[in-house]
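The values are calculated or read from the model by the stated rules, or taken from the named source; none is laboratory data. None of the values given here were measured: they were computed from a predicted structure. All Cβ positions, even for glycine, are placed from backbone atoms using ideal geometry, and neighbour counts span all protein chains on display.
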Amino acid sequence: MKANHAGQPTGAFGIDIGGSGIKGAPVDLIIGELSAERVRVPTPDPSTPKAVAKAVAELVDSFDLPRNLPIGVTFPAPIVHGVAKTAANVDESWIGTDVSALIGKHTGRSVFAVNDADAAGYAEVLYGAARGVRGTVLLITLGTGIGSGLIVDGVLVPNTEFGHLQIDGKDAEERASDAARERHSMSWAEWAKHLQRYFRTLEDLIWPDLIVIGGGVSKKHDNYLPLLRLRTPIVPAGLFNNAGIVGAAALAARAGKGARSLG
Ligand code: BGC
C-alpha cells in the first residue's frame, strides 16, 4: 500500500450503503476520484444487518484488494463509536448495531463506519464544491431522507441530523427531501418553497459560509436553486453520486489502524 509524506495511504476503498443500492469502488486519494469502475448491488430486502453485511462482503470480494487497504463504509444513520443509533430509512434492527464491527467481521478487514452525509461533506471539502473554502461548510443531501454534514475549517463535526429539524411541526425531510417531492408530485416551484423555508431556518441557526447540495437531485439544481433567496451561497455538489464513496475512503485512510468511527 502506497503512502504520502505524512505516512497516510494514498488509496482506500469506499462503500456507500443506501436504502436501494450498495456501491463500492477503490479511490485514488491524491485526486479524490474512483480508480476503478464502481460496483453496485441492490440493497437486500429486508435490509437486515446480516443480509447487508453479506452483500457488502461479496462486493468487496469482487475486487482484488490488498489485505491492509483501508475500508470506509457509509451508513444512513448517526454512527457513534461505530454504532448505528437510529434507522429512519433502513431496517429497524440496525439500531444498536456496531456497523464497523459487523462489516469488519464479514469482510475480514478493518472497517471504518461513518454517517453517509458526513462522508459526502468531507469529500466535498477535500475534493469538490467546497474545496479551499474556509470557515463553516454545510452539506445537505436531498434524497430518500435529508442528511447533513458540517465541516468547520476542514474538521468534520460528526452526526448532525439536520434532516430531522422540526419545521411547522414536522421533520424537515418529510416535506423537503427529494422523496417527498416525488411522493407528493410537487412541481419544482412547490418544492422550492419547502427548501426555502428549510434553508432559511438552517442559515439562521448555523450561519454557514457555504451550503452544498448533495444527492441525486443535485444534478437538477437549475430547476430549484435559482428560486431560493438566501444570504448564504448555495451550490450543487462537485462529486455527485461518488461523494459518499470518496469521503468514506478518505476518512478510513485518515483514521488509520484501530479507529473504527467518529463520534
Ligand atoms: C438519517 C441521517 C442520514 C439521512 C440521509 C436521515 O433520515 O437520519 O442519518 O444521513 O437520512 O440518508
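Descriptive notes on the structure:
- Single match in 87, 113, 57, 101 (criterion: without any contact (Cβ under 8 Å) to a residue 40 or more places away in the chain and either surrounded by fewer than 17 Cβ atoms within 10 Å (Cβ to Cβ) or outside the structural domain of residue 160 (by TED's automatic domain parsing) (or both)): 87
- Of the set (1) more than 21 Å from the chain's Cα centre (by Cα); (2) hydrophobic (A, V, I, L, M, F, W, C); (3) within 23 Å of residue 20 (Cα to Cα), all apply to residue 227 but (3).
- When residues in region 150-164 are screened for being among the acidic types (Asp, Glu) and either touching a Leu at 6+ places or on another chain (Cβ under 7 Å) or under 12 Å from residue 78 (Cα atoms) (or both), 1 of them pass.
- You will find that of 171, 153, the residue that is more than 16 Å from the ligand (Cβ to nearest atom), within 27 Å of residue 207 (Cβ to Cβ), outside the structural domain of residue 73 (by TED's automatic domain parsing) and modelled with pLDDT of 95 or more is 153 and no other.
- Residue within region 183-190 that is more than 24 Å from residue 78 (Cα to Cα), within 15 Å of the ligand (Cβ to nearest atom) and out of contact with any strand residue (DSSP E or B) (no Cβ under 6 Å at 6 or more places or on another chain) present: yes
- Subset of region 65-83 [surrounded by 24 or more Cβ atoms within 10 Å (Cβ to Cβ) and within 12 Å of the ligand (Cβ to nearest atom)]: 74, 75, 76, 77, 79
- Number of the exception - residue 249 against (1) at pLDDT 95 or above; (2) not assigned by TED's automatic domain parsing to the domain that holds residue 78: (2)
- Set side by side, the residues 101, 87, 130, 123 differ, and just one is of a type in the set (A, V, I, L, M) and within 9 Å of the ligand (Cβ to nearest atom), which is 87.
- Strands (runs of 3 or more DSSP E) (entirely within region 1-88) containing at least 3 residues that are among the hydrophobic types (A, V, I, L, M, F, W, C) and either within 15 Å of the chain's Cα centre (by Cα) or within 21 Å of residue 243 (Cα to Cα) (or both): 11-17, 21-28, 71-75
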